[in-house]
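*Asks:* I'd like to ask some things about the structure below.
Where a number appears in this text, it was derived from the coordinates with a stated rule and is not lab data. Keep in mind that what you see is a predicted model, and the values were worked out from it rather than measured. Heads up, the Cβs are rebuilt from the backbone with ideal geometry, glycines too, and the neighbour counts pull from every protein chain shown.
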Amino acid sequence: MTAGASMPFDGWPEGQTRPLVIGHRGASGHRPEHTIESYRLAIAQGADVIEPDLVMTRDSVLVARHENEIGQTTDVADRFPDRKRTRTIDGESVTGWFAEDFTLAEVKTLRARERLPFRSHAFDGQFEIPTFDEILAFVRAEERRLGRRIGVYPETKHPSHHEALGLPITDAVLATLERAGYGDRSDPVFIQSFETGNLRRIRPRTRLRLVQLIDENGQPADFAASGDSRTYRDLLTPDGLRQVATWADGIGPFKGLVQPVGADGALRPATTLVADAHRAGLFVHVWTLRADRTFLPAGYGGDPGAEVRRMVELGVDGFFTDFPDIAVAALRR
């Protein structure tokens with residue numbers, strides 16, 4: 001399959017023939033993730049879209065963190081050592097500090113840290129935690145400054161967990177987007193979730209694009225909670241994809257579900273997932289392309305650009321990347 005096999009969008013970005021470059025948590029290979037500075041750098045490097053993962057504070061404010069456990073990505077342990085606790089998240093016991101135990105005012109006293117030990121920690125402690133409102137205001141300002149549309153790709157993290165605590169995370173995402181002027185099919189917004197129930201619930205309420213995230217293994221947390229035995233793999237069968245198309249516009253699969261990699265890092269034959277999804281009317285945005293040696297499969301010979309070019313060859317419609325600069329340079333080639 002060639003780059004020309006990518007699906008044209010019925011709206012934004014009109015006429016684009018290459019995959020979308022989605023700044024995964026911003027330019028998180030270069031700056032602490034989910035900070036305004038990370039998003040700013042991703043846009044400067046040419047990303048089409050930025051991705052905020054969203055959790056909620058105790059006073060029901062959306063803030064950008066990859067997980068509701070914020071001990072790994074902030075200095076919360078230093079500032080609030082007594083708030084450490086253990087919670088059950090999607091059936092698993094997790095110990096740490098949780099956004100839902102803090103007010104927005106308390107979260108605003110925290111500063112972001114790089115999560116991965118092998119990446120630069122030069123910016124630790126410099127940047128605050130942004131709200132979703134602040135991110136959207138920043139994007140609008142960047143659009144005016146640069147004269148181009150910038151996509152936003154919010155993820156609702158652990159929606160069933162939040163809603164069980166009385167924190168309506170999915171409804172809050174829709175309301176925040178509407179306040180910022182997003183609501184039309186042509187708007188550059190993609191709402192994503194690893195669960196299905198929240199996407200199915202809002203499908204009749206919004207024209208914005210919805211994306212079903214697909215992990216390599218396991219099952220959606222809402223399936224597990226309801227006793228539904230279906231797995232993510234079941235959603236990738238032809239029948240499963242047709243079902244997904246009733247509540248989502250696209251899928252966001254782990255990249256190995258499109259381009260499998262062996263235990264030795266060698267590339268295996270590609271799957272038919274992209275073609276199967278396209279036949280079901282779904283676009284495909286894979287995650288996550290990373291340049292770090294720890295993450296880059298050996299089959300690409302140490303060249304992260306080769307992974308970008310491989311995804312183009314396989315006809316994906318977009319990809320998440322921690323390094324938008326590398327992706328943009330590879331696409332130009």
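*Asks:* Test Leu110 against the criterion of being within 30 Å of Leu174 (Cβ to Cβ) and either surrounded by 12 or more Cβ atoms within 10 Å (Cβ to Cβ) or in contact with a Phe, Trp or Tyr (Cβ under 6 Å, 6 or more places away or on another chain) (or both), and give yes or no. Walk me through how you get there before you give the answer.
*Replies:* Numbers: within 30 Å of Leu174 (Cβ to Cβ): yes; either surrounded by 12 or more Cβ atoms within 10 Å (Cβ to Cβ) or in contact with a Phe, Trp or Tyr (Cβ under 6 Å, 6 or more places away or on another chain) (or both): yes.
For Leu110, the condition - within 30 Å of Leu174 (Cβ to Cβ) and either surrounded by 12 or more Cβ atoms within 10 Å (Cβ to Cβ) or in contact with a Phe, Trp or Tyr (Cβ under 6 Å, 6 or more places away or on another chain) (or both) - is met.
*Asks:* With respect to Thr170, is the statement that it is crowded, with 16+ Cβ neighbours inside 10 Å, in contact with a Pro (Cβ under 7 Å, 6 or more places away or on another chain) and assigned to a helix (DSSP H, G or I) true? Don't jump to the end; show me each part of the working.
*Replies:* Numbers: crowded, with 16+ Cβ neighbours inside 10 Å: yes; in contact with a Pro (Cβ under 7 Å, 6 or more places away or on another chain): yes; assigned to a helix (DSSP H, G or I): yes.
For Thr170, the condition - crowded, with 16+ Cβ neighbours inside 10 Å, in contact with a Pro (Cβ under 7 Å, 6 or more places away or on another chain) and assigned to a helix (DSSP H, G or I) - is met.
*Asks:* Here is a list: Ala175, Ala122. Which entry is assigned to a loop (DSSP other than H, G, I, E, B), without any contact (Cβ under 8 Å) to a residue 60 or more places away in the chain and surrounded by fewer than 19 Cβ atoms within 10 Å (Cβ to Cβ)? Give the derivation first.
*Replies:* On the way: Ala175 fails: assigned to a loop (DSSP other than H, G, I, E, B).
One residue alone meets the criteria, Ala122.
*Asks:* Can you tell me how many residues in segment 240-259 are assigned to a helix (DSSP H, G or I) and either under 23 Å from Thr288 (Cβ atoms) or in contact (Cβ under 8 Å) with a residue 24 or more places away in the chain (or both)? It would help to see each step written out before you state the result.
*Replies:* Filtering segment 240-259 down to residues assigned to a helix (DSSP H, G or I) leaves 240-244, 255-257.
If we keep only those that are either under 23 Å from Thr288 (Cβ atoms) or in contact (Cβ under 8 Å) with a residue 24 or more places away in the chain (or both) as well, we get 240-242, 244, 255-257.
Count: 7.
*Asks:* Report whether or not Gly218 is more than 16 Å from Asp90 (Cβ to Cβ), in a loop (DSSP other than H, G, I, E, B) and not β-branched (Val, Ile, Thr). Steps first, answer last, please.
*Replies:* Working: more than 16 Å from Asp90 (Cβ to Cβ): no; in a loop (DSSP other than H, G, I, E, B): yes; not β-branched (Val, Ile, Thr): yes.
So Gly218 fails the test.
Table: residues versus (1) out of contact with any Pro (no Cβ under 7 Å at 6 or more places or on another chain); (2) of a type in the set (Val, Ile, Thr); (3) buried (at least 24 other Cβ atoms within 10 Å of the Cβ).
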{"position": "Ala27", "(1), (2), (3)": "no, no, yes"}
{"position": "His34", "(1), (2), (3)": "no, no, yes"}
{"position": "Tyr39", "(1), (2), (3)": "yes, no, yes"}
{"position": "Val55", "(1), (2), (3)": "yes, yes, yes"}
{"position": "Leu62", "(1), (2), (3)": "yes, no, yes"}
{"position": "Ile70", "(1), (2), (3)": "yes, yes, yes"}
{"position": "Lys84", "(1), (2), (3)": "yes, no, no"}
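*Asks:* Scan segment 198-213 for residues that are in a helix (DSSP H, G or I) and of a type in the set (S, T, N, Q) and jot them down. Quick ask: steps written out before the conclusion?
*Replies:* Keep residues of segment 198-213 that are in a helix (DSSP H, G or I), which gives 198-205.
Passing the criteria: only Asn198.
*Asks:* Something else about it: Tell me, which strands (runs of 3 or more DSSP E) wholly within segment 24-110 include 1 or more residues that are without any contact (Cβ under 8 Å) to a residue 12 or more places away in the chain and under 16 Å from Lys157 (Cβ atoms)?
*Replies:* Working: elements: 49-51, 53-56, 62-64, 85-89, 92-96.
Here the list reads 85-89, 92-96.
*Asks:* Can you find even one residue in segment 189-210 that is within 21 Å of His24 (Cα to Cα) and surrounded by fewer than 18 Cβ atoms within 10 Å (Cβ to Cβ)?
*Replies:* Within segment 189-210, not a single residue is within 21 Å of His24 (Cα to Cα) and surrounded by fewer than 18 Cβ atoms within 10 Å (Cβ to Cβ).
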